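Right, one structure below, let's go through it.
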Amino acid sequence: MTRDDSFKSEPIGAAFVALTVDAPVVAFIKDPAGRYVYANRYLIAAVFEQVAPDWYGKTDADFWPPLLARVIRANDEIAIRSGAMGVFAQEMPFVDGSHSLLMMKFPLTAQDRRTYLGGIGVDQTALTRIDDERDRLAAAVEQVAESVIISDLEGRITYVNPAFERITGYSRDEVIGQNSRILNSGIQSATFYDAMWASLTNGLPWIADFVNRRKDGTLFTEESVISPIRDAAGAIAAYVAVKRDVTRERAVEVRSVAIAHERAVIAETIRGLTIRDTTETTARAICSQVLSLSGIVSAQLFIFELDGRAMPLAMTVAGAPDPVLRRLPDGRSAYLRGRAAGGPWIEPWEIQPAHPYNDLLSGLGIHLAAYAPLRYGGHVIGLLVIDGAASVDEPALTETLPALVEFADLAAALLGSEVLNRTEARIARERMLGVIADGAFNPVFQPIVDLESGEIVGYEALTRFTDGVAPDVRFAAAGAIGLGIELESATLEAAIAAEETLPPNGWLNLNVSPELLLASKPLATILRGARRRIVLEVTEHAAISDYAALRAAVADLGPNVELAIDDAGSGYASLRHVVELGASFVKLDRSLVAALDSDKSRQAMIAGLVHFSLLTDCQILAEGIETEAELATLRSLGVPLGQGYLLGRPMPAVGESNG
């Protein structure tokens with residue numbers, strides 16, 4: 001078909017093209033026969049590049065299923081016959097799946113009186129999915145007795161259930177689109193809402209009592225849980241509040257004052273903490289603010305360490321200096337940790353002679369304590385504890401419990417990451433230092449064999465840990481906590497000490513990381529005791545950022561030290577290592593050797609490496625040989641050296657035990 005671009009000379013057609021060519025909407029023009037003569041870049045990228053790259057001059061029937069093509073054509077004819085814009089909802093297949101479009105189609109009459117059809121489609125897929133999800137949520141809560149409100153990020157109400165209408169006296173039509181402030185009684189202070197929004201915008205739920213005002217002006221108290229709603233990307237998209245009318249359960253005048261005071265304390269705490277505060281300083285600030293709650297004489301913030309003991313980060317006592325921080329006994333720690341899993345609670349304080357704060361707390365005359373767990377990352381990491389004055393009874397302390405829970409949530413959000421990192425890193429480091437200090441490992445040696453003669457020509461030193469942890473796991477863990485070089489050095493020293501009992505002929509292969517090689521002096525000291533030729537294998541899962549420095553470090557170790565590239569074909573061990581480092585050996589990874597006899601492509605790769613080795617004066621050493629067929633294939637390809645279970649398993653040196 002000859003291209004028909006005459007519509008572009010028409011003022012309306014030219015303006016349409018100029019406005020839509022780069023717009024993020026579907027835009028097109030069809031000639032009087034229904035053939036596409038214009039499509040904007042969005043339509044081409046989203047649809048035509050996949051279903052009809054040669055779309056020009058084609059009709060919908062040329063590339064859509066018959067039913068869809070008929071629907072599109074019928075809509076086109078409606079718009080042309082009416083002489084005005086027609087609006088249609090239509091499902092269209094895009095490259096990434098089906099999309100819901102709002103199509104606007106309209107006639108374009110040219111000067112020669114031919115009628116073209118213009119169209120613009122707005123993608124409403126995302127809006128449709130959100131509406132569907134909202135409809136399902138509304139259907140699920142229409143019948144519950146509690147009041148349910150959904151609002152957007154600005155606090156505008158987008159949904160209420162029938163219980164809301166019954167409790168507040170407002171109809172749904174009266175409140176949709178209104179800000180949720182329509183219910184405010186004015187009793188809660190601005191700091192109350194500051195603390196609420198600080199919690200919600202940080203992704204934390206807000207649990208509190210609200211004193212609100214009905215449509216008829218009467219006050220009522222609601223026990224409320226407000227939670228953020230997150231979209232598929234994890235961003236906060238809206239808020240949902242579930243509220244229960246508890247007016248009869250509480251005296252509005254008394255509780256309104258208590259609530260305002262508690263939220264003011266929380267708001268002051270939030271404003272007073274900075275990112276420069278240490279974990280202990282933050283914990284103490286929280287405890288100090290908790291003391292401002294009515295009737296509280298002591299506050300403590302404990303964390304549960306990995307050994308199960310409860311250790312205070314902070315403890316404050318009204319009118320007294322902070323006491324020395326001491327761990328709780330094992331029995332008390334186990335009890336608190338078990339109770340914390342079930343949520344907040346109140347219990348009587350009883351004399352506990354083994355408790356480090358028994359005399360202090362008993363001297364304060366307390367007889368009730370309240371506890372709120374700190375939860376972070378799905379784990380209970382600690383407890384926030386308050387002790388009531390002698391005059392505080394259980395109902396009064398119960399009223400303070402929601403504020404305590406909010407303080408605990410705030411403490412968990414501020415301290416959780418640091419607490420977990422601190423305890424886990426400390427325990428892991430202590431355990432690793434114990435492995436190194438106790439020498440909880442043994443060297444073993446696997447023979448390296450001349451594949452042609454079957455003679456043992458060398459040994460690779462490997463490490464086995466006495467607790468059965470895999471070596472790669474243990475070395476990776478040591479590196480993650482900054483003890484990688486220390487563990488490597490200790491295992492290498494053990495290997496050098498044990499190699500003296502090996503047969504005298506043959507070199508010794510040692511696995512080393514680039515970090516240890518570049519440290520040079522520690523490695524030079526270790527190798528000073530070696531009695532044979534040494535080959536250093538650069539470990540396969542370590543990146544090398546400075547090849548020149550690594551070559552210089554190896555040269556400084558002397559002429560009896562050579563280099564091998566370990567496990568070529570895995571991790572970072574690429575041919576660049578071989579070329580840049582001028583290694584004497586290249587070790588083929590087990591992944592290249594396994595079932596080699598039945599894989600022509602890997603045979604060709606290894607043949608190429610053998611040829612490369614002849615030209616560069618290095619030797620190929622195949623690892624992980626386990627079958628006679630693999631061995632025969634490697635011999636036929638000219639690979640000179642090998643090791644593996646078929647040729648010899650890793651064993652202790654003569655006189656060494658298996659540990």
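The values are calculated or read from the model by the stated rules, or taken from the named source; none is laboratory data. Remember, it's a predicted structure, so these values are computed and weren't measured experimentally. Neighbour counts run over all protein chains shown; Cβ positions are idealised from the backbone, glycine included. Ligands, DNA and RNA are excluded from the accessible area calculation, which covers all protein heavy atoms including side chains. Shrake-Rupley method; radii C 1.70, N 1.55, O 1.52, S 1.80 Å.
Name the residue, out of LEU364, LEU420, LEU415, that is open to solvent by less than 20 Å² (accessible area, probe 1.4 Å) and either closer than 19 Å to LEU306 by Cα or hydrophobic (A, V, I, L, M, F, W, C) (or both). Going through LEU364, LEU420, LEU415 in turn, just one is open to solvent by less than 20 Å² (accessible area, probe 1.4 Å) and either closer than 19 Å to LEU306 by Cα or hydrophobic (A, V, I, L, M, F, W, C) (or both): LEU415. Scanning the range 480-514 for residues that are within 22 Å of GLY434 (Cα to Cα) and either modelled with pLDDT under 85 or in a loop (DSSP other than H, G, I, E, B) (or both) gives ALA480, ILE481, GLY482, LEU483, SER513.
Looking across the range 137-160, just one residue is under 16 Å from ILE226 (Cβ atoms), part of a helix (DSSP H, G or I) and either modelled with pLDDT of 75 or more or open to solvent by less than 50 Å² (accessible area, probe 1.4 Å) (or both), and that is VAL141. If you go through the range 276-289 and keep only what is modelled with pLDDT under 65 and within 13 Å of ALA411 (Cα to Cα), you end up with nothing. Taken over the range 473-485, residues that are in contact with a Leu (Cβ under 9 Å, 6 or more places away or on another chain) and either polar (S, T, N, Q) or loosely packed, with under 15 Cβ neighbours inside 10 Å (or both) amount to 0. Residue pairs whose Cβ atoms lie under 7 Å apart, separated by 6 or more positions or on different chains, with the first residue in the range 280-294 and at negative phi and the second among the acidic types (Asp, Glu) and outside any loop (DSSP other than H, G, I, E, B), are GLN289/GLU268; LEU293/GLU262. Under 8 Å between Cβ atoms, which residue pairs at least 6 apart in sequence (or on different chains) link something in the range 165-180 that is among the hydrophobic types (A, V, I, L, M, F, W, C) with a partner that is surrounded by fewer than 15 Cβ atoms within 10 Å (Cβ to Cβ) and in a loop (DSSP other than H, G, I, E, B)? Correct list of pairs: ILE167/ARG214.
Evaluation of SER453 against the conditions (1) closer than 21 Å to THR316 by Cα; (2) more than 38 Å from the chain's Cα centre (by Cα) shows that the sole unmet condition is (1).
All conditions but one from (1) out of contact with any Lys or Arg (no Cβ under 7 Å at 6 or more places or on another chain); (2) closer than 14 Å to PHE28 by Cβ; (3) in a helix (DSSP H, G or I) apply to ALA79; the one that does not is (1).
Look at (1) more than 24 Å from LEU410 (Cβ to Cβ); (2) open to solvent by 50 Å² or more (accessible area, probe 1.4 Å); (3) in contact (Cβ under 8 Å) with a residue 12 or more places away in the chain and you find that ASP359 fails only one, number (3).
Here is a yes/no grid of residues against (1) within 27 Å of TYR376 (Cα to Cα); (2) without any contact (Cβ under 8 Å) to a residue 24 or more places away in the chain; (3) hydrophobic (A, V, I, L, M, F, W, C); (4) in a helix (DSSP H, G or I):
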residue	(1), (2), (3), (4)
ALA198	yes, no, yes, yes
ASP209	yes, no, no, no
GLU222	no, no, no, no
ALA232	yes, yes, yes, no
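Residues that are open to solvent by 40 Å² or more (accessible area, probe 1.4 Å), within 20 Å of GLY97 (Cα to Cα) and either in a helix (DSSP H, G or I) or among the charged types (D, E, K, R) (or both) within the range 16-45 comprise ARG41, TYR42, ILE44, ALA45, listed in sequence order. Residues being part of a helix (DSSP H, G or I), in contact with a Ser or Thr (Cβ under 6 Å, 6 or more places away or on another chain) and without any contact (Cβ under 8 Å) to a residue 40 or more places away in the chain are entirely absent from the range 300-315. For the range 491-526, residues that are open to solvent by 20 Å² or more (accessible area, probe 1.4 Å) and over 22 Å from ILE456 (Cβ atoms) total 9.
Regarding TYR376, is this residue among the hydroxyl-bearing types (Ser, Thr, Tyr) and open to solvent by 20 Å² or more (accessible area, probe 1.4 Å)? For TYR376, the condition - among the hydroxyl-bearing types (Ser, Thr, Tyr) and open to solvent by 20 Å² or more (accessible area, probe 1.4 Å) - is met. Total residues in the range 67-87 satisfying the condition of being under 46 Å from the mean Cα position of the chain (by Cα) and either in contact (Cβ under 8 Å) with a residue 40 or more places away in the chain or open to solvent by 30 Å² or more (accessible area, probe 1.4 Å) (or both): the figure is 4.
Of everything listed in (1) under 28 Å from GLY234 (Cα atoms); (2) open to solvent by less than 30 Å² (accessible area, probe 1.4 Å), the single unmet condition for GLY177 is (2). Restricting attention to the range 82-136, the residues being at pLDDT 85 or above and either in a helix (DSSP H, G or I) or among the β-branched types (Val, Ile, Thr) (or both) number 5. Among the conditions (1) at pLDDT 85 or above; (2) assigned to a helix (DSSP H, G or I); (3) open to solvent by 70 Å² or more (accessible area, probe 1.4 Å), ALA163 misses just one, which is (3). When GLY388, GLY338, GLY365 are screened for being at positive phi and at pLDDT 85 or above, only GLY365 passes.
Evaluated against (1) in a loop (DSSP other than H, G, I, E, B); (2) open to solvent by less than 40 Å² (accessible area, probe 1.4 Å), SER545 falls short on exactly one condition, (2). Among the residues that make up the range 392-412, is at least one of them part of a loop (DSSP other than H, G, I, E, B) and not acidic (Asp, Glu)? Looking through the range 392-412, at least one residue is part of a loop (DSSP other than H, G, I, E, B) and not acidic (Asp, Glu). Being over 13 Å from ILE120 (Cα atoms) and small (Gly, Ala, Ser) is the requirement here; does GLY86 meet it? In short, no.
Looking at the structure I just gave you, is GLN111 more than 40 Å from the chain's Cα centre (by Cα), touching a residue at least 40 places away in the same chain (Cβ under 8 Å), at negative phi and surrounded by fewer than 19 Cβ atoms within 10 Å (Cβ to Cβ)? Against the criterion (more than 40 Å from the chain's Cα centre (by Cα), touching a residue at least 40 places away in the same chain (Cβ under 8 Å), at negative phi and surrounded by fewer than 19 Cβ atoms within 10 Å (Cβ to Cβ)), GLN111 qualifies. Against the criterion of being charged (D, E, K, R) and either part of a loop (DSSP other than H, G, I, E, B) or at pLDDT 80 or above (or both), GLU268 does not qualify. Restricting attention to the range 434-472, the residues being open to solvent by 60 Å² or more (accessible area, probe 1.4 Å), at pLDDT 90 or above and farther than 23 Å from GLY638 by Cβ number 6. Annotation: ALA604 fulfils all but one of (1) at pLDDT 90 or above; (2) open to solvent by less than 40 Å² (accessible area, probe 1.4 Å); (3) assigned to a helix (DSSP H, G or I); the unmet one is (2).
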